[in-house]
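The block underneath contains the structure these notes are about, expressed in structure tokens.
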Amino acid sequence: MFAETPHRRRNALTGEWVLVSPHRAKRPWLGQVERKTQPPAASYDPACYLCPGNERAGGARNPDYTSTFAFDNDFAALLPDAPAARRDELAGIIHAETERGVCRVVCFSPNHALSVPRLSIGELEAVIQTWITETRDLAARYPWVRSVQIFENRGEMMGASNPHPHCQIWANATVPPELRREIDMQERHSLQHGGSLLTAYLTWELREGERVVIENPCWVAVVPYWAVWPFETLVIPRRHLRGFGDLEPEEIRTLADIMKRLTARYDNLFGVPFPYTMGFHQAPLDGGEHASFHFHAHYYPPLLRSAEVRKFMVGYEMLAQPQRDITPEAAAERLRQQSESV
Ligand code: H2U
Ligand code: ZN
């Protein structure tokens, strides 16, 4: 029934709905675009503001770093010293509050030409270790920090300003709405049913099997039942971790493994460096226990049918709700067919 009939699926983490129209995806797959050969990028670009030794906007100079390198964003969207103020007028119709925060940039490697699928497991472990340290240090240095949002924009299509492998970290004084929705949904589930929402969901996905893309001893990547983006994935730890602070060495190594293998499959899907926004959701660092919160990563890639054909979130989706044709099950199957070599 659900394989052929238009239906909607509810996102268990946010409560939002997605319309699925499987009958429209019945036409045969036209894909198999030939692999675009990429000009080999140089490992050092004198014009890159992230390469070792180069000058950044504002005059700071990068050190000759050899592993990862983190620095305060020179164009930070949030500032740690924003004075407290609020505006509340017209019976709450007009409402604003100042927001304190810190923005960081993390270079994954000194090598300008690399990207996640081409970094070694050891190099990716260093990246994850930097995320752990950054999370801990931001919370320690700024006691008002409640949310540490780590995200990577890959590719021009997703707004990345530079191909040098890097991510951003925004740490806020308030918990952002997307994270808030996930906290509330997970808390509600734990109160009503006991246990962790994502543990229950993961057990179900492993039994069903059809949306699982890859797994290893500590992590599983699935195209979530409620995926909005065509090849969206959710990377879930088997153990109930709340954030970067809970990762054991084996979980760091295997997170590196699943990130590398998943992004290699993405790159092989249309034969191009696959654009995406990815990021981690971890429990707020507000001193609360957050026992129901289950750490995870989201990958949101925009491509639909080829390197050029992307999904647009327009029309009905802007005004009503997101919609998809290719089912999450079919997307997972296509990702399972890909090679992991890059
Ligand atoms: P994105 O590629 O995801 O935009 O991340 C790059 C960040 O680097 C971006 O937020 C910052 C931009 O503000 N940046 C610096 O901090 N210094 C620079 O010299 C240029 C860009
Ligand atoms: Zn560079």
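The values are calculated or read from the model by the stated rules, or taken from the named source; none is laboratory data. Since the model is a prediction, treat every value here as computed from it, not as a measurement. When we count neighbours, we look across all protein chains shown, and the Cβ atoms used for this are built from the backbone with ideal geometry, even at glycine.
Quick notes
- Of the residues in the stretch 92-104, not one is touching a Gly at 6+ places or on another chain (Cβ under 8 Å) and within 24 Å of A256 (Cβ to Cβ).
- Consider the stretch 134-156 and keep the residues that are of a type in the set (S, T, Y) and in contact with a helix residue (DSSP H, G or I) (Cβ under 9 Å, 6 or more places away or on another chain). The one that is farthest from G245 (Cα to Cα) is S147.
- Of the residues making up the stretch 143-168, those that are hydrophobic (A, V, I, L, M, F, W, C), surrounded by fewer than 22 Cβ atoms within 10 Å (Cβ to Cβ) and in contact with a Ser or Thr (Cβ under 8 Å, 6 or more places away or on another chain) are F151, M158.
- Sole exception among (1) in contact (Cβ under 8 Å) with a residue 12 or more places away in the chain; (2) surrounded by fewer than 19 Cβ atoms within 10 Å (Cβ to Cβ); (3) away from ligand 2 (no atom under 16 Å from the Cβ); (4) not in a loop (DSSP other than H, G, I, E, B) for Q192, by number: (1)
Every residue, every condition in (1) of a type in the set (A, V, I, L, M, F, W, C); (2) surrounded by fewer than 20 Cβ atoms within 10 Å (Cβ to Cβ); (3) touching a His at 6+ places or on another chain (Cβ under 7 Å); (4) modelled with pLDDT of 95 or more, yes or no:
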{"site": "F244", "(1), (2), (3), (4)": "yes, no, no, yes"}
{"site": "T254", "(1), (2), (3), (4)": "no, no, no, yes"}
{"site": "T277", "(1), (2), (3), (4)": "no, yes, no, yes"}
{"site": "A297", "(1), (2), (3), (4)": "yes, no, no, yes"}
{"site": "R310", "(1), (2), (3), (4)": "no, yes, no, no"}
{"site": "Q321", "(1), (2), (3), (4)": "no, yes, no, yes"}
{"site": "E333", "(1), (2), (3), (4)": "no, yes, no, yes"}
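- Single unsatisfied condition, I94 versus (1) among the aliphatic types (A, V, I, L, M); (2) away from ligand 1 (no atom under 15 Å from the Cβ); (3) surrounded by fewer than 21 Cβ atoms within 10 Å (Cβ to Cβ); (4) under 18 Å from A297 (Cβ atoms): (4)
- Filter result for E123 (away from ligand 1 (no atom under 16 Å from the Cβ), at pLDDT 95 or above and surrounded by 15 or more Cβ atoms within 10 Å (Cβ to Cβ)): yes
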